[in-house]
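Colleague: Here's a structure for you.
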Amino acid sequence: MPITEADASALDPDTARALAARLAEGGCEAALPLVTDRMILRPPVAEDASVLADLAGAWSVARYTGRIPHPYGLEDAYAWISLEAGLRAEGTAVSLLMTDRTTGTVMGAVGLNWNGSWPAAELGYWIGEPYRGRGLAAEAARAMLTLAFEPLDLAEVFASAQPENTASLWVLDKLGIRPDGRRMRVNAVARGEVWDHERRSIDRAAWEADRAKRARLVLVVAAALVDRDGRVLLTRRPEGKPMAGLWEFPGGKVHEGETPERALIRELHEELGLDVRHACLAPLTFASHAYPDFHLLMPLFVLRSWHGRPTPREGQDIAWVRAARLRDYPMPPADPPLIPALQDLLLV
Ligand SMILES: Nc1nc2c([nH]c(=O)n2[C@H]2C[C@H](O)[C@@H](COP(=O)(O)OP(=O)(O)OP(=O)(O)O)O2)c(=O)[nH]1
């Protein structure tokens, strides 16, 4: 639904209350926090003030954002945290910190604000200097689109970026947030300027089409080969393949007309020169993971007996790894959730 100026900002108190309830943290009815492959996106709290002041205090952050003043100190961070808590509680905006899923480190912030533009929301984000170049802003912004169109049921998300801010333009392009022929004015407090920017937006229909494309299921089958010492065979994705260099369980795509078991027997022969019998394949668990352009569904079988010695036939490195050490090997993002099932099986 295209948003016109006349539709905008008709946010009645009941709608705002409903949106605030969906943003409240706690039960599984609530939308927050958001979990992505590498991050937990959660509201800021007072304890975050000093790290926020450090990260957002850098000119490299302030110069491209509208709302962050420069210099930016501890008091500014406290004020922002309390302002955002108020907006979230009243149901007119949500700002979340990008935190590392493993360490909890705060890396940046991402927000939606529909105060005055409802049912459209403005998307904004910034990322601290040490955490750039890893695609984190796009990952966080994608989660915000899901938040906007699903639990919050908004109709459009819009944004803008300075023409020389190529990293930010790349994020918007990647998410399908495209120029919509309109302009928007941004009050850039750090520079004391008013920018007149190309407005970019994505509406619900475009977001749903993109999501449907990315939901295409790809069935891959893989095996955890376990040797007599209880070690697991990992193979390293060779150069030239997507995710080259990461360690994975041997296997591959299930072809048309194949069962997962037949496909696995074929792949283990092609990749490692092994002969495997169907009866030796024991199902263990599965991975279900949303990659940017497809959804992976991957049953994982355990195999303790085979004919032949694993011999890499596609130039890949191989490693026999103790169950307790599996996390030391960088894996595709679909794989780490498989590790606990293997450790339960193999660690006594
Ligand atoms: N084999 C395997 N693939 C994995 C794992 N984890 C994971 O995300 N994948 C993904 C990577 C790829 O996108 C996809 C497997 O595709 P592939 O390209 O390796 O499969 P294939 O051998 O059939 O390749 P090809 O014929 O298309 O070249 O599954 C894993 O542990 N093992």
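The values are calculated or read from the model by the stated rules, or taken from the named source; none is laboratory data. Nothing here was measured: the structure is a model prediction, and the numbers come from that model. Note: ideal-geometry Cβ built from the backbone for every residue, glycine included; neighbour counts use all protein chains shown.
Colleague: Just need a number here: residues in segment 278-330 that are among the aliphatic types (A, V, I, L, M) and under 20 Å from the mean Cα position of the chain (by Cα). Let's see the steps before the verdict.
Modeller: Of the residues in segment 278-330, the ones among the aliphatic types (A, V, I, L, M) are 279, 281-282, 284, 287, 290, 296-298, 300, 302-303, 318-319, 321, 323-324, 326.
Retained after the next criterion (residues that are under 20 Å from the mean Cα position of the chain (by Cα)): 287, 290, 296-298.
Total meeting the criteria: 5.
Colleague: Pick from 141, 167: which is buried (at least 18 other Cβ atoms within 10 Å of the Cβ) and either free of Cβ contacts under 8 Å to residues at least 24 places away in the same chain or not acidic (Asp, Glu) (or both)?
Modeller: 141
Colleague: On the basis of being in a helix (DSSP H, G or I), among the small types (Gly, Ala, Ser) and modelled with pLDDT under 95, does residue 212 make the cut? Before you say what the answer is, go through the steps one by one.
Modeller: On the way: in a helix (DSSP H, G or I): yes; among the small types (Gly, Ala, Ser): yes; modelled with pLDDT under 95: yes.
So residue 212 passes the test.
Colleague: What tally of residues in segment 265-296 results from selecting those that are away from the ligand (no atom under 12 Å from the Cβ) and in contact with a Ser or Thr (Cβ under 7 Å, 6 or more places away or on another chain)?
Modeller: Result for segment 265-296: 2.
Colleague: Please go through segment 69-99 and give me each residue that is part of a helix (DSSP H, G or I), surrounded by 14 or more Cβ atoms within 10 Å (Cβ to Cβ) and not hydrophobic (A, V, I, L, M, F, W, C), ordered by number.
Modeller: Selection gives 76, 78, 84, 88, 90.
Colleague: What number of residues within segment 222-245 are near the ligand (Cβ under 8 Å from one of its atoms) and among the hydrophobic types (A, V, I, L, M, F, W, C)?
Modeller: The qualifying residues number 2.
Colleague: From 310, 299, which residue is modelled with pLDDT of 95 or more, within 23 Å of residue 265 (Cβ to Cβ), part of a loop (DSSP other than H, G, I, E, B) and not small (Gly, Ala, Ser)?
Modeller: On the way: 299 fails: part of a loop (DSSP other than H, G, I, E, B).
So the residue among 310, 299 that is modelled with pLDDT of 95 or more, within 23 Å of residue 265 (Cβ to Cβ), part of a loop (DSSP other than H, G, I, E, B) and not small (Gly, Ala, Ser) is 310.
Colleague: OK, next. Residue by residue through segment 298-335, note down the ones that are near the ligand (Cβ under 10 Å from one of its atoms) and closer than 22 Å to residue 38 by Cα.
Modeller: Correct list: 298, 331, 332, 333, 334, 335.
Colleague: When residues of segment 253-264 are filtered for being part of a helix (DSSP H, G or I) and either loosely packed, with under 15 Cβ neighbours inside 10 Å or away from the ligand (no atom under 14 Å from the Cβ) (or both), how many remain? If you could, list the steps in order and put the result at the bottom.
Modeller: Keep residues of segment 253-264 that are part of a helix (DSSP H, G or I), which gives 260-264.
Now drop any that are not either loosely packed, with under 15 Cβ neighbours inside 10 Å or away from the ligand (no atom under 14 Å from the Cβ) (or both), which leaves 261-262.
Residues that pass the stated criteria total 2.
Colleague: So, one more: Among the numbered conditions (1) within 19 Å of residue 192 (Cα to Cα); (2) part of a helix (DSSP H, G or I), tell me where residue 51 comes up short.
Modeller: (1)
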